[in-house]
1. For the range 165-201, which positions are within 15 Å of the chain's Cα centre (by Cα) and of a type in the set (V, I, T)?
2. Among all residue pairs at least 6 apart or on different chains, which show Cβ distances below 9 Å where the first residue, located in the range 195-210, is touching a residue at least 60 places away in the same chain (Cβ under 8 Å) and in a loop (DSSP other than H, G, I, E, B) and the second is among the basic types (K, R) and more than 7 Å from the ligand (Cβ to nearest atom)?
3. Quick one: is T47 surrounded by fewer than 20 Cβ atoms within 10 Å (Cβ to Cβ), among the hydroxyl-bearing types (S, T, Y) and touching a Leu at 6+ places or on another chain (Cβ under 8 Å)?
4. Does the range 170-192 contain any residue that is away from the ligand (no atom under 15 Å from the Cβ), within 15 Å of R122 (Cβ to Cβ) and not aromatic (F, W, Y)?
5. Farther than 19 Å from E151 by Cα, in a helix (DSSP H, G or I) and at pLDDT below 90: is that true of G266 in this structure?
6. Please specify each residue of the range 130-158 satisfying the condition of being in a helix (DSSP H, G or I) and under 21 Å from L10 (Cα atoms).
7. Please go through the range 231-254 and give me each residue that is surrounded by 18 or more Cβ atoms within 10 Å (Cβ to Cβ) and not small (G, A, S), ordered by number.
8. So which residues in the range 166-194 are in contact with a strand residue (DSSP E or B) (Cβ under 9 Å, 6 or more places away or on another chain), assigned to a loop (DSSP other than H, G, I, E, B) and crowded, with 20+ Cβ neighbours inside 10 Å, if there are any at all?
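The values are calculated or read from the model by the stated rules, or taken from the named source; none is laboratory data. Computed from a predicted structure; not experimentally measured. Don't worry about glycine lacking a Cβ; one is built from the backbone with ideal geometry, like all the others, and counts go over all protein chains shown.
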Amino acid sequence: MTLRSRLRELVDVEHPILNAPMGGGDAPAELAAAVSEAGGLGMIGGTTAGGTKWLREQIHAVRSMTTKPFGVGLISHLPGASELMEVAIRERVPVIAHSFSDPTPFVADAHRGGAVVICQVRTIEGARQALRAGVDVVTAQGTEAGGHTGEVSTFPLVPAVVDTVAPVPVLAAGGIADGRGVAAAFMLGAEGVWLGTRFLATPEAGVSPEYRRRVLAAGPHDTVLTEVFDVATGLAWPPGVRGRAIRDTFTDRWHGHEQQLRQRVGAATDHPVGDDPVPVALYAGEAVGMISHAEPAGDVVRLLAAEAESVLWGRCSAILDAQ
Ligand SMILES: Cc1cc2nc3c(=O)[nH]c(=O)nc-3n(C[C@H](O)[C@H](O)[C@H](O)COP(=O)(O)O)c2cc1C
């Protein structure tokens, strides 16, 4: 039994399950290759301090680990996005994803390079923009998501995006961490899922042991949607976008006091809050509360697919009354 999905008409994958292209090295070649090798669609998070050189090396590394299709995802409003996409096109990466900007300037070149184009959106206006731009797949990202995200929850956002972009297939992102979530996403009209937080806890993710430990230890109430790390680092994001991270002493101190933090950053960019540098944000979504142990990424893909299939069969026959 497999999950039927129109994503599979575009990319030759067994399971319509993607790891999110988490930037900063969190989704490196090892994660993308493991997800693809297990029948999902592995994504490299292409936006890192390593730039085009790092990305080229990661693409080659994926190809040394699997012959299956994979993709590259970019934070497209940041400088250097076009150069990174150019690398992906030259290397003939089969799937290219854009987030956080209007994808219009990127789509024609990606299509000329033969890539399937995905765009992640957080609003209906974003979904309309992606549709007009001619992308092949739209990811609807709910506010539960880890990392930078918007304000609408996955449950109301996904069906609204499905209706807005039909017949373009939609992937659901945000708060999905087990087979029940995957099944629910399909019930909302999604054709696949795009998960970040669940894959953060896998050994293939490029996070520190302490980061992984915090993901495993956190409960569903332990994240905060906040601007404080962006204020402290001076990184700009589109309006309505903030970062969801595991709460720590930095967020406890500054969340709700952004104006004060802004003033301090203006005075001392490197060390805005005293002698210590800005702590590393532990970006993660509300789904942290559903993750209690670290499993290999390939096992996660196979488990999610099997659980979703059995939930869809089992629940539908248990709750539907034929009369
Ligand atoms: C650590 C982390 C880093 C992320 N980095 C990116 C990124 O670079 N580009 C992007 O489009 N989305 C990024 N995201 C958001 C994901 O694409 C995705 O929407 C989210 O992880 C889905 O929700 P979930 O975390 O509940 O699975 C990141 C998410 C996390 C947790």
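1. Passing the criteria: V170, I176, V182, V193, T197.
2. From residues that are touching a residue at least 60 places away in the same chain (Cβ under 8 Å) and in a loop (DSSP other than H, G, I, E, B), the pairs are A201/R212; T202/R212; P203/R212; A205/R212.
3. Against the criterion (surrounded by fewer than 20 Cβ atoms within 10 Å (Cβ to Cβ), among the hydroxyl-bearing types (S, T, Y) and touching a Leu at 6+ places or on another chain (Cβ under 8 Å)), T47 does not qualify.
4. no
5. So G266 fits the description; yes.
6. A130, L131, R132, A133, V158
7. Within the range 231-254, V231, V241, R242, R244, I246, F250, T251, W254 qualify.
8. P169, G174, I176, A177, A190, E191
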